[in-house]
């Protein structure tokens, strides 16, 4: 899968650290006075950090990316020493990617690579919070990856106010959210995100959640989520490629395609089937169609 990522010329880098602040994903760290790309997992390829560099040490390149593999990453970055490895592990922990974090720590133990985990073990996993800046082109908060499964969240909708004898929206607790990750738009999803690894994916049309009253319990529970609109979105070709990467590299178990009964919505199933055909792994795909009032009209494995 080809995509754009940044490349840092460490010989030109003067260690000012501007690019570190410009990269809200934390993919760049200042190590021993030089900017270092500790992991390209969260590089969005928009290149906002380029404008932060006063010496022109950063450029955008297009390359064939490896399937994300924490062991391969550890083998590569361990050559740069303990500080880079610790920065990488801390980044994973801050992003809530504890599965990859534990794999990295296990790799260090098995290979006798000594690291002082006390520098990061005492910290509570959290989602990285971007500083307030005018330019959010790199690391927009709306696309910051978060894995809610790691945080023990009970996400109740709080009551706004009590009004007796009404059935309105303002009545009490509305239920439990079954959403396990952020973002949810297929366009924004990193196909190698940890929360997708060996998950069952719900590929839902944008409108489906608004038509079915118990969307979370009926369809979303215990599934990762991607939403898209085959009629309005203009990136359906990239959707096919991205889903095929999810199947092969994130090793999805199944894909459930949830569509509305309107004809244009069937394009979502076409995208899923073409992605499966392109992928090396062949996984089950389920088609579910809802009426405009949210009734399940059909449910078939295809």
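Exposure proxy check: 232, 297, 196 ranked by fewest other beta carbons within 10 Å?
Values: 232 8, 297 11, 196 22.
Result, fewest neighbours first: 232, 297, 196.
Considering only alpha-carbon pairs that sit under 8 angstrom and 6 or more positions apart, the relative contact order computed for segment 209-302 is 30 percent.
At 37 °C and 0.692 mPa s, what whole-number value in µm²/s does Stokes-Einstein give for the translational diffusion of segment 71-125, with Rh from the Kirkwood sum over Cα pairs? Spell out each step's value before the answer.
Details: Rh = 11.0 Å.
Roughly 297 µm²/s, to the nearest whole number.
FRET efficiency for residue 71 and residue 254, Cβ-Cβ distance as r, R0 = 41 Å, nearest 0.05?
Values: r = 26 Å, r/R0 = 0.63.
FRET efficiency, residue 71 to residue 254: 0.95.
Looking at segment 180-301, the DSSP beta bridges with both ends there are about 25 percent antiparallel.
No value in this document is a laboratory result; all are computed from the given coordinates. Small disclaimer: the values here were computed from a predicted structure and weren't measured. Don't worry about glycine lacking a Cβ; one is built from the backbone with ideal geometry, like all the others, and counts go over all protein chains shown.
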